[in-house]
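Structure first, commentary second.
The values are calculated or read from the model by the stated rules, or taken from the named source; none is laboratory data. Treat the numbers as computed from the prediction; the structure is a model and nothing was measured. Using ideal geometry, Cβ is built from the backbone for each residue, glycine included, and neighbour counts are taken over all protein chains shown.
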Amino acid sequence: MLASVMAFAEPEGFLAQINAHTPAELSRVLNRAEKWSEMHEGYISQPIAVVLHGSEANAFLKENYTQYRSLVDQAAKLDAFNVVDIQICERWMGNNEVSRDQIPPFIDTVNYGPERIKSLIRAGYQSF
């Protein structure tokens, strides 16, 4: 009797879904990503994509740094170690009169957040 072996394709990457659009939810995602990184001894081949397109992005505005210092510092550290790739929607930025110089340099921008999320899912990213 031959045993069948099922091969599962590795996901292309992971995508953190932000639904409540709050800094508290974003903090939970970053904490989870940090713990996940520690479980993998800090080695992650592909960072977790975090696409912000709602009010949670306000936490990264320079004017709000004092209030969200620990969140921003944690995000910067995780980005530096390639654990997360934080991206903010340019359309959200335009609608909220946020310019590129108002967000930290480690954050990337994408044209339209919801479409970026769809494209990552089509590319094989799985929910984190």
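If ARG91 satisfies every condition in (1) surrounded by 13 or more Cβ atoms within 10 Å (Cβ to Cβ); (2) touching a helix residue (DSSP H, G or I) at 6+ places or on another chain (Cβ under 9 Å); (3) under 16 Å from LEU26 (Cβ atoms) but one, which is the exception?
Failing condition for ARG91: (3).
Evaluate the stretch 34-48: report whether one residue or more is closer than 23 Å to ARG100 by Cα and either modelled with pLDDT of 80 or more or touching a strand residue (DSSP E or B) at 6+ places or on another chain (Cβ under 8 Å) (or both).
Checked against the condition, which is being closer than 23 Å to ARG100 by Cα and either modelled with pLDDT of 80 or more or touching a strand residue (DSSP E or B) at 6+ places or on another chain (Cβ under 8 Å) (or both), the stretch 34-48 yields at least one hit.
Scanning the stretch 49-74 for residues that are touching a strand residue (DSSP E or B) at 6+ places or on another chain (Cβ under 6 Å) and small (Gly, Ala, Ser), which turns out surrounded by the most Cβ atoms within 10 Å (Cβ to Cβ)? Before the answer, list the steps.
Applying the first criterion (touching a strand residue (DSSP E or B) at 6+ places or on another chain (Cβ under 6 Å)) to the stretch 49-74 yields 49-53, 57.
Subset that is small (Gly, Ala, Ser): 49, 57.
Values: ALA49: 22, ALA57: 25.
My answer is ALA57.
Go through the residues of the stretch 96-107 one by one and say whether even a single one is on the phi > 0 side of the Ramachandran plot and in contact with a Ser or Thr (Cβ under 7 Å, 6 or more places away or on another chain).
no
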